[in-house]
Amino acid sequence: MNDIEKKLEALKAEFLGKLEALRKEAEAQKKQEEPKPWKPERGEKYFTIENRFDVVQYTYCEDDIDESNIQFGNCFRTKERAEQVADKMRLLLRLEQLHDMLCPDYVPDWNNDGELKFCLAHHCDDDCWFVDYFNVTQYPTVYFDTEENAQKAAEILNKEMRESK
């Protein structure tokens, strides 16, 4: 192999190496892209949760109502999924109502690590509510000022569950 052929081979190897590095970089960027919320295609059906927590079917036509539903996360592929979310919303409102009944002025101080913040959790095996607590970890839920008030709220929810069966 003469000098020119050697140089060509070296350039080819360098080029292929750079090409592979760019391919890997492009793959890494694809993985880093944030997932986007599902959005129906024009004419496709979707489900929303209305103000009384009724699940309603719409057909996407790119109007202001459709765009508002999508913007606020109120756009679901299936009726079943919309119903699951509506149930969670009802529960959150009931928890907020119990909070306002038992400790209306309480706002957790997340800057105070020493203060326990009491909330409720649902035990799936026993199908009951119980008191849980945190001092530095905040979850999107309702917090109560004392363990006693949280326990009262759990008792109310457990009674309501028993009565609804």
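Of [x] 10, 37, 34, 14, 5, 0; [y] 9, 28, 27, 20, 10, 4, 1; [z] 9, 22, 19, 20, 12, 7, 6, 4, 2, 0, which one was derived for P(r) over Cα pairs in 10 Å bins from 0, in percent from the structure shown? Computed from these coordinates, P(r) over Cα pairs in 10 Å bins from 0, in percent corresponds to label [z]. When the chain is treated as a Gaussian network with alpha carbon springs shorter than 10 Å, the biggest mean-square fluctuation among Leu98, Leu22, Leu120 belongs to Leu22. Per atom type, the chain shows carbon and sulfur on 51% of its accessible surface, probed at 1.4 Å.
Taking 0.36 nm per residue of separation and subtracting the current Cα-Cα distance, fully stretching the chain between Trp38 and Met101 would add 18.9 nm. Full extension of the chain between Glu20 and Lys88 yields a length gain of 19.7 nm, computed as 0.36 nm times the residue separation minus the alpha carbon distance.
Ignoring ligands, DNA and RNA, how do Phe130, Phe72, Phe47, Phe144 rank by accessible area with a 1.4 Å probe, largest first? Spell out each step's value before the answer.
On the way: Phe130 75, Phe72 150, Phe47 30, Phe144 0 Å².
Ranked list, largest accessible area first: Phe72, Phe130, Phe47, Phe144.
Straightening the chain between Lys159 and Leu116 buys 12.9 nm, computed as 0.36 nm per residue apart minus the Cα-Cα spacing. Placing unit charges on each Cβ (+1 for Lys and Arg, -1 for Asp and Glu) gives the stretch 14-131 a dipole about its Cα centre, and among Gln29, Asn111, Val56 the Cα reaching farthest toward its positive end belongs to Gln29.
Once you've got the Cα coordinates, tell me which of Lys36/Lys165; Lys6/Lys31; Lys31/Lys88; Lys36/Lys88 are over 28 Å apart. Don't skip to the answer; put the middle values down first.
Working: Lys36/Lys165 39 Å; Lys6/Lys31 38 Å; Lys31/Lys88 31 Å; Lys36/Lys88 22 Å.
Listed pairs above 28 Å: Lys36/Lys165; Lys6/Lys31; Lys31/Lys88.
Placing +1 on each Lys and Arg Cβ and -1 on each Asp and Glu Cβ, with no other charges, gives the chain a dipole about its Cα centre of roughly 760 debye.
When the alpha-carbon atoms of the stretch 59-126 are used, the pair Rg, Dmax equals 17.7, 52 angstrom.
Rounded, prolate or oblate: which fits the stretch 1-59, taking a ≥ b ≥ c as square roots of the Cα gyration tensor eigenvalues, rounded meaning a/c under 1.5, else prolate when a/b beats b/c? Taking the square roots of the gyration eigenvalues as a ≥ b ≥ c, the stretch 1-59 is prolate. Between Thr59 and Lys6, the distance separating the two model label sites (each 7 Å from Cα on the Cα→Cβ line) works out to 7.3 nm. Candidates Ile4, Leu98, Gln138 compared by Cα position along the dipole of the chain: farthest toward the positive end lies Ile4, with charges placed on Cβ.
The values are calculated or read from the model by the stated rules, or taken from the named source; none is laboratory data. Computed from a prediction, not measured in an experiment: that's the story for all the values here. So basically every Cβ, Gly included, is an ideal-geometry build from the backbone, and we count neighbours across all protein chains shown. Just the protein is used for accessible areas: all its heavy atoms, side chains included, with ligands, DNA and RNA removed. Shrake-Rupley method; radii C 1.70, N 1.55, O 1.52, S 1.80 Å.
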